[in-house]
1. What's the magnitude of the charge dipole for the chain around its Cα centre, counting Lys and Arg as +1 and Asp and Glu as -1 at the beta-carbon? Answer in Debye, nearest 20.
2. Order by neighbour count: 113, 121, fewest other Cβ atoms within 10 Å first, most last.
3. Could you point to the residue in 220, 25, 168 farthest towards the positive end of the chain's charge dipole, with +1 and -1 charges on the Cβ of Lys/Arg and Asp/Glu respectively?
4. Calculate the all-directions average of the projected area of the chain's alpha-carbon convex hull, and give it in nm².
5. For residue 13 and residue 31, compute 0.36 nm times the residue count separating them, minus their Cα-Cα distance, and round to one decimal in nm.
6. Provide, for segment 3-220, the number of lysine pairs with alpha carbons under 26 Å apart, each pair being eight or more places apart or on different chains.
7. Are there any GluC sites (Glu not before Pro) in segment 115-224 that are in a DSSP loop and have at most 10 other Cβ atoms within 10 Å? List them by number.
8. How far is the Cα center of segment 75-150 from the Cα center of segment 1-48, in Å?
Amino acid sequence: MKAMILAAGRGVRMRPLTDTRPKSLLAVGGKPLIVWHLEKLAHAGFTEAVINHAHLGHMIEAELGDGSPFGINIRYSPEPEALETAGGIARALHMLGEKPFLVINADIYSDYDFATLAGLDLGDRLAHLVLVDNPPQHPRGDFALEAGSVRESGERLLTFSGIGVYAPRLFAGIPPNAKVPLAPLLRKAMAAERVSGEHYLGRWHDIGTAERLQALDAELRGKA
């Protein structure tokens, strides 16, 4: 299975840090956020990863190179401007192949074991999502998980972690370079009962602000 790391976001809420450095290269615990993902992917047995980028993308390529220092082969999908999640994935489909692939948001931190998903067989499903407990900044959650199926609504909503496996056909019909969000595609697939999921109870952080970045850095350095 191939993996894709989404790193095209501008990181507006983290300015001025992201004025001069892509959000995915901001460091926690002594290394960039995206490097944590690359190392965990390699440890889980993944050998190929695609990274999309837009804002200051040349810095990502310069810092990560071909991925050999991390034990994984990296290919890049530059975007003239950020195409949102589904648009960015659709632009990179030719590098991801015809089989289901793993996608990870660059701006999260988790100890989730990607090996859990490496051999996942989607069958006729279009997606498999990793859901987590709702963090303080997102108390309402996103989706419900019922008997292994993800639904748009339910008694208890969980938060989408930014970790998922997708079938390429989920993105069929997206025009080249179109700005397309992921959520509407997922909701349509959920309505057809073609999205599965799991509830992960381990460590997970959404690094959306400078304050959360600093808090995670302190935690990883043992200063929290």
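1. Values: 24 positive and 26 negative charges, 66 e Å.
Taking the Cα centre of the chain as origin, the dipole is about 320 debye.
2. Ascending number of Cβ neighbours within 10 Å: 121, 113.
3. Result: 25.
4. Computing the convex hull of the Cα atoms and averaging its projections yields 11.8 nm².
5. Details: separation 18, 0.36 × 18 = 6.48 nm, distance 2.07 nm.
Value of the extension gain: 4.4 nm.
6. Values: 23/31; 23/40; 23/179; 31/40; 40/99; 99/179; 99/188; 179/188.
Counting lysine pairs in segment 3-220 gives 8.
7. Sites meeting the loop and neighbour criteria: 155.
8. Centre-to-centre distance over Cα atoms comes out at 14 Å.
Every number in this text was worked out from the coordinates using simple rules, so none of it is lab data. None of these values were measured; they are calculated from a predicted model. Cβ: placed from backbone, ideal geometry, glycine included. Neighbour counts: every protein chain shown.
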